[in-house]
1. Could you state the angle between the C-alpha long axis of helix 61-83 and the longest principal axis of the C-alpha atoms of the chain, as a value from 0 to 90 degrees rounded to the nearest 10?
2. Given [x] 6.4; [y] 7.0; [z] 7.7, which label gives mean projected area of the Cα convex hull in nm² as computed from the coordinates?
3. If the only charges are +1 at each Lys and Arg Cβ and -1 at each Asp and Glu Cβ, what is the size of the charge dipole of segment 7-85 around the Cα centre, to the nearest 20 debye?
4. Counting other Cβ atoms within 10 Å, which GluC sites (Glu not before Pro) in segment 1-92 have at most 13 and lie in a DSSP loop?
5. Compute the long axis of helix 91-112 from its Cα atoms, compare it with the longest principal axis of the Cα atoms of the chain, and write down the angle in degrees, 0 to 90, nearest 10.
6. Take the solvent-accessible surface of the protein heavy atoms, probe 1.4 Å, and return the percent of it on segment 1-88 that carbon and sulfur atoms account for.
7. What's the local net charge at ASN60, with K and R +1, D and E -1, over the other residues with C-beta under 9 Å away?
8. Lys and Arg at +1, Asp and Glu at -1: add these up for the other residues within a Cβ distance under 12 Å of ASN41 and post the number.
Amino acid sequence: MYGEIDLELYTLAIIRLNTAFEKLNSANIDEVKKMFEESLNDLKTIYKDIVEDLNQNEININEYYMFFQNGKQTFPQYIEMLGSVENEILEDVIGELMNVFNNLNKIADAFAKNDMNNFR
């Protein structure tokens, strides 16, 4: 990823996730599941890229500062929202989304503490 967070991909993943939450009670649960799955795929890619970047010898901390400052606020909110979803059809994808947000939140916590050793 070359030291840059793909903010466009992150934005699309969050928009899709928010839209899925809005449509959660709709009759078309397959459409909602697809949106959750697409968001999951994008967030996994972002997470993997971030971990790769943060494991490099030289890191552009400025690129991550604002992302994780915002993440300290938003990641726990998404974890809570996902945890409140009760739908057997969505159970697996919701669990995976929660896992990705938990992992991103752990990085945000370590980043806020300047504990770069947690990335390596």
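The values are calculated or read from the model by the stated rules, or taken from the named source; none is laboratory data. Computed from a predicted model, the values in this text were never measured in an experiment. Don't worry about glycine lacking a Cβ; one is built from the backbone with ideal geometry, like all the others, and counts go over all protein chains shown. SASA here: full protein model, heavy atoms, side chains in, ligands and nucleic acids out. Shrake-Rupley method; radii C 1.70, N 1.55, O 1.52, S 1.80 Å.
1. That works out to roughly 30 degrees.
2. [y]
3. Working: 7 positive and 13 negative charges, 60 e Å.
Dipole size: approximately 280 debye.
4. On the way: sites: GLU4, GLU8, GLU22, GLU31, GLU37, GLU38, GLU52, GLU58, GLU63, GLU80, GLU86, GLU88, GLU91; in loops: GLU4, GLU58, GLU86.
Within segment 1-92, the qualifying GluC sites (Glu not before Pro) (loop, at most 13 other Cβ atoms within 10 Å) are GLU4, GLU58, GLU86.
5. Computed tilt is about 20 degrees.
6. Numbers: 2490 of 5510 Å².
After summing per-atom areas, the C and S share lands at 45 percent.
7. Values: positive: none; negative: GLU4, ASP53, GLU58, GLU63.
Once all neighbours under 9 Å are counted, the net charge is -4.
8. Working: positive: ARG16, LYS34, LYS44, LYS48; negative: GLU37, GLU38, ASP42, GLU96.
Here the charged neighbours net out to 0.
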